[in-house]
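The values are calculated or read from the model by the stated rules, or taken from the named source; none is laboratory data. Since the structure is predicted, the reported quantities are computational estimates derived from the model, not experimental observations. Cβ placement follows ideal geometry from the backbone for every residue including glycine, while neighbour counts extend to all protein chains displayed.
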Amino acid sequence: MPEPAAPWGYTLHIPNDPRAVAVCRHTLRLVLAAHGLPHLAPAAELLGTELVTNAVTHTKGPVAIRLCWSGSVLRLGAWDTDPTPPSPRPAAVDAEAGADNGRGLALVRACSDDWGWHRLTYAGKYVWCELAPGPHVASVTDAV
């Protein structure tokens with residue numbers, strides 16, 4: 001199936017509610033299938049879930065997830081109302097402590113082609129990651 005060439009983007013605004021994470025995950029899957037990119041769904045669901053979970057867990061206000069296709073790269077991003085920079089913890093710290101959480105940004109770093117964040121002038125921050133189609137995308141969930 002050929003990759004879609006035309007750029008597109010979607011934004012889903014959600015309440016700060018842990019149940020909304022599942023809504024985001026299912027929405028990602030549906031959007032990617034509708035645009036002929038179902039092979040990106042496992043990796044996008046993992047990364048999108050991590051970004052949104054961090055936003056819901058560490059902030060009190062509303063959250064939004066953004067999904068953009070540029071014709072060659074899928075960018076996922078989560079906006080929240082807290083301007084505090086994300087701080088990924090070293091994987092060794094999590095392993096030693098036996099932590100049940102706190103590995104979200106480490107997964108994002110490990111499973112995406114690029115990631116970053118920026119403070120927004122009007123409110124909060126935007127944390128994003130990118131996926132480029134390729135053989136590594138199919139095996140992302142195997143790495144977790």
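Of the residues in the stretch 106-144, how many are under 19 Å from TRP79 (Cα atoms) and either modelled with pLDDT under 75 or in contact with a helix residue (DSSP H, G or I) (Cβ under 7 Å, 6 or more places away or on another chain) (or both)?
Qualifying residue count for the region: 8.
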So if I check each of ALA64, ALA44, ALA34, ALA22, which one is under 24 Å from ALA106 (Cα atoms), at pLDDT 95 or above and surrounded by fewer than 17 Cβ atoms within 10 Å (Cβ to Cβ)? ALA22
Go through the stretch 73-99 and give me each residue that's at pLDDT 60 or above and either over 30 Å from ALA6 (Cα atoms) or small (Gly, Ala, Ser) (or both). GLY77, ALA78, THR81, ASP82, PRO83, THR84, PRO85, PRO86, SER87, PRO88, ARG89, PRO90
For the stretch 67-78, the count of residues that are surrounded by fewer than 21 Cβ atoms within 10 Å (Cβ to Cβ) and under 24 Å from ALA106 (Cβ atoms) equals 3
Can you give me the number of residues within the stretch 35-81 that are among the charged types (D, E, K, R) and more than 11 Å from the chain's Cα centre (by Cα)? 2
Considering residues that are part of a loop (DSSP other than H, G, I, E, B) and surrounded by 12 or more Cβ atoms within 10 Å (Cβ to Cβ), the number found within the stretch 1-14 is 2
